[in-house]
Number of protein chains: 2
Amino acid sequence: MTITRHQVRPGAYYDSVTLMQLQKALAALPGVVDAGVIMATPANCELLVTSDFDLTAIAARPDDLLIIVKTESETAAGDALAQVDTLLRRRQDVADKSYRPRSLRGAFGNFPTAEWVLISTPGRYAADVADEALDAGRHVFLYSDNVPLAEEVRLKEKGRAAGLLVMGPDCGTALINGVGLGFANRVARGNIGIVAASGTGLQAASVAIHRLGAGLSQAFGTGGRDLKAEVGGITALQALDWLARDEDTAVILLISKPPAQEVAGKLLRAAQACGKPIVVDFIGYPPPARRAGNLTFAVGLADAAELAVRLSQTHPASNGSAPEPRPLNGAIRGLFSGGTLAHEMLLGLQAVVAPLYSNLSADPRLRPPEHSASGANVILDLGEDEYTQGRLHPMMDNDLRIRRLRRESADPSVSLILLDVVLGEGAHPDPAAELAPVVAEATQAGKQVDLILIGTEEDPQGMKSQAERFTAAGATLFYSVGLALDAIYVRLRQANYPYPAVAFSRETFAAVNVGLESFHDSIESQGGAAVHVDWRPPAGGDERLMALLAKMKKQ
Amino acid sequence: MTITRHQVRPGAYYDSVTLMQLQKALAALPGVVDAGVIMATPANCELLVTSDFDLTAIAARPDDLLIIVKTESETAAGDALAQVDTLLRRRQDVADKSYRPRSLRGAFGNFPTAEWVLISTPGRYAADVADEALDAGRHVFLYSDNVPLAEEVRLKEKGRAAGLLVMGPDCGTALINGVGLGFANRVARGNIGIVAASGTGLQAASVAIHRLGAGLSQAFGTGGRDLKAEVGGITALQALDWLARDEDTAVILLISKPPAQEVAGKLLRAAQACGKPIVVDFIGYPPPARRAGNLTFAVGLADAAELAVRLSQTHPASNGSAPEPRPLNGAIRGLFSGGTLAHEMLLGLQAVVAPLYSNLSADPRLRPPEHSASGANVILDLGEDEYTQGRLHPMMDNDLRIRRLRRESADPSVSLILLDVVLGEGAHPDPAAELAPVVAEATQAGKQVDLILIGTEEDPQGMKSQAERFTAAGATLFYSVGLALDAIYVRLRQANYPYPAVAFSRETFAAVNVGLESFHDSIESQGGAAVHVDWRPPAGGDERLMALLAKMKKQ
């Protein structure tokens, strides 16, 4: 038989390290079988229940500290709980070994060169600390989680306007000037830069790069929600812009947990614009191609690291000398006879063109309601059932495509027309005879025509003769969708980053640390400079008093 | 001023080639500006409207044949329409140059060695013809589209039970014994087999393989809907089984338009089981890894072809001599501290394990309601917000994982426990000290423990010492999720294909063709044997009469 006894301390604040150490100390006392020291959230309580603690008679709110012991005797239980305050004080004594500022303002006064603030307080206090750091013109590394999404958006917008980074909330890791923040592996420095909306993604990739003999220039974490629609990738775009302009960075690796489609598109467009080789690993996001323009799409972190290292060896500097291709300043219209070619094109373009309408789109809002809507980007699979009732497939009968081609040529909003021509058995005996004259009409009307030609020299139509006649008509020929995409991506390059540039010293790393003390020690052990703030929650964590203080502040 | 005149022929049947040729003949007549010959479906009518035909006064149903001419004069319009029947008859005369059976039964009588039936009639008649072919024990290549999904399922289940293939409906292409069916490119023969739920996907990949100097054993089309949930990949699984047993096939390429998640999983499990190297290109489906077991995931058709060719050169025969690993015959439980590692594992496992529960799952039905539900496969990211309120991150505090590890060890339904340990700055100073003893308890309890260890030799914890202690505890170590998945895939290999095997002669290709005459000519030009059936719709296409005939048949 064991005895279970507990204490509830309403609204008490101790940092998580203190709680973990108290639990370990209690569990190590004589006669104690198991101990739990938790903030009484449902998840934490559930864990105790599955460890055979009976919590049925305990009333504790999520903000309350619950201390519970399971012991061999009533005496042992009483002894254990009686030592809680002593154990908490011992921890306090160890921490207070040196002078520590009690506020951010105090820290900046003693340590004015600190450009960075690391914040790892409990989530509900973190935004206030971050605000103070941003107001003082410092970049923020925000490790804390459980910060509301709306606060994240507000902080990041505020940072962006001031040219300040807000990495996080819930940002586990970053490497700045070779110093790891939060969780970070010791890896070699080199010419690969990382932007990651994924903490372990950044760590696993940086370790793999190191093992392959290469290294990192900088690695920016953004927090796992940065690529959600509400945040819009603010931090990722800032970091990308920084790495694009950095002379020491030859290759950039973009990593994210499943991103929002529109944010992924925004980030990929920015990645194209920077011109440097970029490796993209968006976990759970279907890559549109292996390579498109300066983007290479990886499958998994190991693959991403390998690609980045290979590119970093072959692209020591950016290639800015190629002649600029004719830009695309109007709509794209794809008239496909092959469903899968249309699908591949749709995937590839929707990563960088929005909105993109298609009769293949999974999203009903992106089905083309009126194909000829001016300026709309449209990819049509004309081999779908709705187009082939009582009509031959467009691989055999060119009439449908000829009529649509003429319509696109006459539309002043159209800049690029995409076609596929699939040769071989069963297909039209001479597609160029019928289509090339209409392609010529389109190119003479000022349209760019990209044509994906699928076939072999052995096919009955003769690949070479078909290719020659389409080329003579002014079409640009490609032998796969990937190659066509490649050329489109280059033409779609966009304008520069429109916000204030982020700047920080490349010489040193100096930071103020608020929250977990171990992060301070870790920075110093890596040769960075850091001061730890002896932070306490305002009003001792009393919610009502805090609300009152906040109200007074605002007035 | 132009004149527009038209005819509507209710319920008239002509094949699509005839309609296309009539339209071209009418448009070529003197005084004719443009002509349209269509089955009056909404899509076809819309096309005429956008070509400046005024259809407002015309009443035609989708089953009606609409013939319309735009001419320079009233006389030209009258002359053109007066020639319609003559033009239709001329076409007929050309076609009737030789004796042709009028029914499938007649064709089989004259040509009993035909193993294949190609069907390209209009969709509403196609299922009846396919039924007749299957009843006669023939494999079916079903080019026709607009066949209802329920009919597809019924035909494929019927075929499967008899060991007969039903490729299609809407199957554009296949290559059997070097003979292309429907649309097919002339490509070299070789040791790569293709299964494709994507017509142009199959064509583009086969062309790319040919251009890279390799070739195809067989290529099976399945129709674009085969990997939808309703059909369940019946044809793809038959074809995969055939290629798995074929001595001439060294590498298999699986291609599909976006598949249903559960069907993709079923097909990938079958692909694992076959042991041969398989290249997978599911367009729009996020690949779980670059490589996992015998599966390699491609990004796009060009990449898929390159991978298949590379593997076909290095895997001339299947590797059946490796020792069989310890199989997994129970549940998988992942207890991750790294969110992205958990994500990668989730992606990789959900391709082959179903159902797979996770707090990261996008599908709320797959959130783990009761983690310990016996037999459930679960991947947990224990670094998510719900687990870290008032508690250190599991990279710093092992308590949560220790308690859960003990629970999984005690669960008799669990076979494999997955863990990650991320070393580096900020992380726990010695995770092996706390976790390795609990890992040892698990392995002693008969569990397999796979541990993904992320770190460098320079990390403060010392990679080598950590690795040694986890290995001593009985864990199997991996340095990336991809490598861990690799090993899991091999252990998950499953039983053999449970349906009658598909068989056909490898010596010759002999087929009966019903529908588009050009497909018959194409087979003969490739050295195959074919007979064309002079097929007409029952009751001349009269719907009411057809219904009556069907009723009489059933009685």
Nm distances between copies for B:A362, ranked from closest, using label points 7 Å along Cα→Cβ
0.5
Run the quick spin-label model on B:E74 and B:I3: label points 7 Å from Cα toward the beta carbon, then report their separation in nm to one decimal.
0.6
So what are the ³J(HN,Hα) numbers for the stretch B:520-528, from phi and the Karplus equation (6.51, -1.76, 1.60; θ = phi - 60°), rounded to whole Hz, Gly and Pro as x?
5, 4, 5, 5, 5, 5, 9, x, x
Using amide H atoms built in the peptide plane, which far-off residues or other-chain residues are under 5 Å from A:A289 H to H?
none
Tally the DSSP beta bridges in the protein assembly as shown and give the antiparallel ones as a percent, rounded to 5.
30
Taking other Cβ within 10 Å of each residue's Cβ, how do B:M345, A:M395, B:M463 sort, fewest first?
B:M463, A:M395, B:M345
Using helices alone, what [θ] at 222 nm do you get for chain B, with -39,500 (n - 2.57) per DSSP H run of 4 or more residues, divided over all residues and rounded to the nearest 500?
-11500 deg cm²/dmol
In nm to one decimal, list the spacings between the A:P42 label point and its equivalents in the other copies, with label points set 7 Å along Cα to Cβ, shortest first.
4.5
Search the structure for amide H atoms under 5 Å from the amide H of B:D34, placed 1.01 Å from N in the peptide plane, and list their residues when 5 or more places away or on another chain.
B:K70
Using θ = phi - 60° and the Karplus curve 6.51 cos²θ - 1.76 cosθ + 1.60, what whole-Hz ³J(HN,Hα) does each residue of the stretch B:114-119 get, with Gly and Pro shown as x?
5, 8, 10, 10, 9, 10
Cut-off 13 Å between beta-carbons: net charge of the residues surrounding A:R160, Lys and Arg +1, Asp and Glu -1
-1
Net charge (Lys, Arg +1; Asp, Glu -1) of residues whose beta-carbon lies under 9 Å from that of A:D459, A:D459 excluded, is -2
Would you calculate the separation in nanometres between label points at A:K464 and A:R105, each defined as 7 Å from the Cα along the Cα-to-beta-carbon direction?
8.3
Fewest to most Cβ atoms within 10 Å: A:K551, A:K257 sort as A:K551, A:K257
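Provide the three semi-axes, in whole Å and in decreasing order, of the ellipsoid equivalent to the stretch A:122-253 as defined by the square roots of 5 times the Cα gyration tensor eigenvalues. The partial results should precede the final answer.
Numbers: eigenvalues 123, 45, 32 Å².
For the stretch A:122-253, the ellipsoid semi-axes come out as 25, 15, 13 Å.
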Taking a point 7 Å out from Cα toward Cβ as the label site, list the nm distances between B:T314 and the same residue in every other copy, smallest first.
1.7
Note, ³J(HN,Hα) from phi for the stretch A:184-199, Karplus 6.51, -1.76, 1.60, rounded to Hz, x at Gly and Pro
7, 8, 7, 10, 5, 7, x, 10, 9, x, 10, 10, 9, 8, 5, x
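If I stretch the segment between A:R61 and A:A487 completely, what's the gain in nm (0.36 nm per residue apart, minus their alpha carbon distance), one decimal?
Separation in residues times 0.36 nm, less the Cα-Cα distance, equals 147.4 nm.
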Just for the Cα atoms in the stretch A:1-118, what are the lengths along the principal axes, largest first, rounded to whole Å?
59, 29, 20
Using the 10 angstrom Cβ neighbour count as an exposure proxy, how do A:R401, A:R89 rank, fewest first?
A:R89, A:R401
Stretched fully, the stretch from A:V33 through A:D363 gains (0.36 nm per residue minus C-alpha distance, one decimal, in nm) 113.2 nm
Within the stretch B:141-270, what percent of beta bridges assigned by DSSP are antiparallel, to the nearest 5?
30
For helix B:149-161, what angle does its Cα long axis make with the longest principal axis of chain B, in degrees from 0 to 90 and rounded to 10?
70
Taking a threshold of 30 Å on the Cα-Cα distance, which of the pairs A:K24/B:K447; A:K266/B:K464; A:K257/B:K156; A:K156/B:K464; B:K257/B:K551; A:K70/B:K464 fall above it?
A:K266/B:K464; A:K257/B:K156; A:K156/B:K464; B:K257/B:K551; A:K70/B:K464
Please figure out what share of the DSSP beta bridges in chain B is antiparallel and state it in percent, rounded to the nearest 5.
25
So for the stretch A:199-267, using the alpha carbon gyration tensor with a ≥ b ≥ c as root eigenvalues (a/c under 1.5 gives rounded; past that, a/b versus b/c decides prolate or oblate), I'd call it oblate
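Report the relative contact order of chain B, percent, no decimals, based on alpha-carbon pairs under 8 angstrom and at least 6 residues apart.
Dividing the mean separation by the residue count of chain B yields 14 percent.
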Can you list residues from other chains, or at least 5 along the same chain, whose modelled amide H is less than 5 Å from the amide H of A:T476?
A:V449, A:D450, A:L451
What is the minimum Cβ-to-axis distance for chain A, in whole Å, where the axis maps A onto B, and to which residue does it belong?
A:P286, 2
Counting other Cβ atoms within 10 Å, which GluC sites (Glu not before Pro) in the stretch B:10-83 have at most 15 and lie in a DSSP loop?
B:E72
Cα Rg, Dmax (largest Cα-Cα span) when computed across the protein assembly as shown, Å
33.9, 116
For every other residue with a beta carbon closer than 12 angstrom to the beta carbon of B:L492, add +1 if it is Lys or Arg and -1 if Asp or Glu, then tell me the sum.
+3
Just the Kirkwood number for the stretch A:236-285, please: inverse of mean 1/r across all distinct Cα pairs, in Å, one decimal.
11.1
Please work out the Cα convex hull volume for chain B and give it in Å³ per residue.
211
So if R0 is 35 Å, what FRET efficiency would B:E157 and A:E46 give, r being the distance between their Cβ atoms, rounded to the nearest 0.05?
0.15
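Throughout, read-outs are computed from the coordinates displayed, never taken from laboratory work. Owing to the predicted nature of the structure, the values given are computational and were not obtained by experimental measurement. Please note: Cβ atoms are built from the backbone with ideal geometry, for glycine as well, and neighbour counts cover all protein chains shown.
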